[in-house]
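To keep things clear, I will list the structure first and then write my remarks on it.
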């Protein structure tokens, strides 16, 4: 069996165990939080009989072990229950809200990789110069402030003082475009509607950049730190003695070994965007799963809470598996260590 397949099988098995643990933990925590979900859903004016009926329907009068058993039985049939917040199936809510968050996080991740890594390489190559100091200062600002702060600042600058970008939503009012999958960039492209694609992209740039700023700073600083350490290796002195250009040394001999330890952290930052996106989604009124998750937590919507956390956890684990596979491809020592003795 190839080493990559063994790594994938091992990570999938570990992820399954983690998901089971997460389901138990979040299921218990959601029911320990003070407050009666039935009373919260029906409101203060509901009768005691109506609350009792809803509690019985949600199995809230059973033991927590029995409630978890009902949840697992429904889960195997693809049923996460009914959301008390939207009064719809939780699976339908997730299908409606997840594409917006995934699209936002995907574009943010692209920005983080395409801006953060080159900035780190540039900073390491010109270490000790004004270029290095400027990049380090800018990236420090990006890391220091949380995403919602940058979201507000970017909105004030580029949507209010200099009204270039739209303030909220995914499409302009009156666009008339009907989504197919929920991924607007993909839907507009396959529909051949270039105008709607540009509109969707224009709405996406500002919130995606606000979400990516912290990751850009983190990626740049990690790559710079690892490359500066690599520059002190003896083999770098050897290739310098051979007269190779500074650009070739940076891109070929210093960057790749430095990328291996950085990939894991960059991957974790990318996965963390799934959970952190609710701040940016709230500022830009972005109809995503993270914003939906906060709303159902505030209303103690048990089914929606568990479903949302499970989906975000699954996405987090999938990203980690992909990162592990990328690291094993970049670093041959990991593949060799997986070979049977």
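Structure above, values below:
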| item | result |
| --- | --- |
| Residues of region 179-188 that turn out to be touching a helix residue (DSSP H, G or I) at 6+ places or on another chain (Cβ under 6 Å) and surrounded by 14 or more Cβ atoms within 10 Å (Cβ to Cβ), as a count | 6 |
| Residue 60 outside any helix (DSSP H, G or I), at negative phi and crowded, with 20+ Cβ neighbours inside 10 Å | no |
| So residue 197, is it at pLDDT 85 or above, touching a helix residue (DSSP H, G or I) at 6+ places or on another chain (Cβ under 7 Å) and outside any helix (DSSP H, G or I) | no |
| Count of residues meeting criterion [part of a helix (DSSP H, G or I) and either without any contact (Cβ under 8 Å) to a residue 40 or more places away in the chain or over 35 Å from the mean Cα position of the chain (by Cα) (or both)] in region 227-238 | 7 |
| From the options 128, 169, 192, residue that is part of a loop (DSSP other than H, G, I, E, B), in contact (Cβ under 8 Å) with a residue 24 or more places away in the chain and either surrounded by fewer than 18 Cβ atoms within 10 Å (Cβ to Cβ) or not assigned by TED's automatic domain parsing to the domain that holds residue 282 (or both) | 169 |
| Helices (runs of 4 or more DSSP H) (entirely within region 239-341) containing at least 3 residues that are modelled with pLDDT of 80 or more and farther than 30 Å from residue 125 by Cα | 255-283, 289-298, 302-330 |
| Subset of region 131-166 [in a loop (DSSP other than H, G, I, E, B) and free of Cβ contacts under 8 Å to residues at least 60 places away in the same chain] | 162, 163, 164, 165, 166 |
| Counted residues, region 146-163 - those being surrounded by fewer than 17 Cβ atoms within 10 Å (Cβ to Cβ) and under 26 Å from the mean Cα position of the chain (by Cα) | 7 |
| Top-ranked residue of region 273-300 - restricted to ones that are touching a residue at least 40 places away in the same chain (Cβ under 8 Å) and out of contact with any helix residue (DSSP H, G or I) (no Cβ under 7 Å at 6 or more places or on another chain), ranked as farthest from residue 159 (Cα to Cα) | 295 |
| Pairs with Cβ under 6 Å, 6+ apart, first in region 58-81 and free of Cβ contacts under 8 Å to residues at least 12 places away in the same chain, second not in a loop (DSSP other than H, G, I, E, B) | 59/67; 59/70; 61/55 |
| Out of 147, 192, 215, 142, sole residue that is over 19 Å from residue 102 (Cβ atoms) and in contact with a helix residue (DSSP H, G or I) (Cβ under 9 Å, 6 or more places away or on another chain) | 142 |
| Filter result for residue 176 (exposed (fewer than 13 other Cβ atoms within 10 Å of the Cβ) and either under 30 Å from residue 99 (Cβ atoms) or touching a strand residue (DSSP E or B) at 6+ places or on another chain (Cβ under 8 Å) (or both)) | yes |
| Enumeration of residues in region 15-35 that are under 20 Å from the mean Cα position of the chain (by Cα) and over 27 Å from residue 298 (Cβ atoms) | 15, 16 |
| Some residue of region 76-94 being part of a helix (DSSP H, G or I), closer than 30 Å to residue 188 by Cβ and in contact with a strand residue (DSSP E or B) (Cβ under 8 Å, 6 or more places away or on another chain) | yes |
| Filter result for residue 119 (modelled with pLDDT of 90 or more and in contact with a helix residue (DSSP H, G or I) (Cβ under 9 Å, 6 or more places away or on another chain)) | yes |
| Condition check for residue 102: modelled with pLDDT of 90 or more, surrounded by fewer than 21 Cβ atoms within 10 Å (Cβ to Cβ) and under 30 Å from residue 82 (Cβ atoms) | yes |
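The values are calculated or read from the model by the stated rules, or taken from the named source; none is laboratory data. It should be emphasised that the depicted structure is a prediction, and the values quoted were computed from it without experimental measurement. Cβ coordinates were reconstructed from backbone atoms using ideal geometry, including for glycine residues, and neighbour counts include every protein chain displayed.
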